[in-house]
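The values are calculated or read from the model by the stated rules, or taken from the named source; none is laboratory data. Not measured: the values here are computed from a predicted model. All Cβ positions, glycine included, derive from the backbone under ideal geometry; neighbour counts span all protein chains shown.
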Amino acid sequence: MRDSVDRQRRAFWLKHLHRWHWISSAVSLAVLLLFAVTGFTLNHAAQIEATPKVERHVTTLPDALRESLGAGRASAPVPATVADYVASHTGAHIEGRPGEWSDDEVYLSLPRPGGDGWVSIDRETGEVQYETTDRGWLAYLNDLHKGRNTGPVWRWFIDVFALACLVFAVTGLILLKMHAAQRGMTWPMVALGFVLPVILALIFIH
């Protein structure tokens, strides 16, 4: 009787562990592949060269818009009318973005994954300069890996993905334990996975 109960309990846990294992695997598969590839490219960033593409646009605000910039402010967005004009004439979207205000100019930093950008508005002449740098798709993917300039939604996604990977790893470890009796190399391989990084870190990282 007791053996029958133990077998039923084992079957119950195996069923649910396998379910959570494959679900977490399916959820995290695509991003896990992305992070594996970009982990390699980040580790060899010096050997993988990219040529940044720089574009520059220049325009001048009409006098009415230049005067709407008003008095200096420590940190505030430019007026919506100025933002609309800049977007239509340069392609830079600065509405709602805080700028660094000085007596001479308004400077707005526009970082993004895989590149950078900035807008400078001369408060005396009304000249607008917009420069954007594109470092290519590989830099874009690397920045996604690091969560650099990706915004809160992507950071939340990384957290959810990390949780899915944790479920995948933990359920896999428990499944290994449940099948270890039939697979003699299970724990030596698991131990190797833990010990090898520690040994390499202690010997080769200073």
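Just one residue in the set Val86, Val78 is under 20 Å from Thr133 (Cβ atoms) and over 26 Å from the mean Cα position of the chain (by Cα); that residue is Val86.
If the condition is being surrounded by 12 or more Cβ atoms within 10 Å (Cβ to Cβ), within 17 Å of the chain's Cα centre (by Cα) and small (Gly, Ala, Ser), then the stretch 16-38 contributes only Ser28.
Conditions tested, residue by residue: (1) surrounded by 16 or more Cβ atoms within 10 Å (Cβ to Cβ); (2) within 22 Å of Leu141 (Cα to Cα).
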{"residue": "Ile48", "(1), (2)": "no, yes"}
{"residue": "Glu55", "(1), (2)": "no, yes"}
{"residue": "Ser68", "(1), (2)": "no, no"}
{"residue": "Pro77", "(1), (2)": "yes, no"}
{"residue": "Asp84", "(1), (2)": "no, no"}
{"residue": "Gly91", "(1), (2)": "no, no"}
{"residue": "Ile94", "(1), (2)": "yes, no"}
{"residue": "Glu105", "(1), (2)": "yes, no"}
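Where helices (runs of 4 or more DSSP H) sit wholly within the stretch 104-206, those with at least 3 residues that are modelled with pLDDT under 90 occupy 151-179, 186-204.
Only one of the numbered conditions (1) at pLDDT 90 or above; (2) touching a Phe, Trp or Tyr at 6+ places or on another chain (Cβ under 8 Å); (3) closer than 30 Å to Arg135 by Cβ is violated by Pro62, and that is (3). Just one of (1) modelled with pLDDT of 90 or more; (2) assigned to a helix (DSSP H, G or I) fails for Arg56. It is (2).
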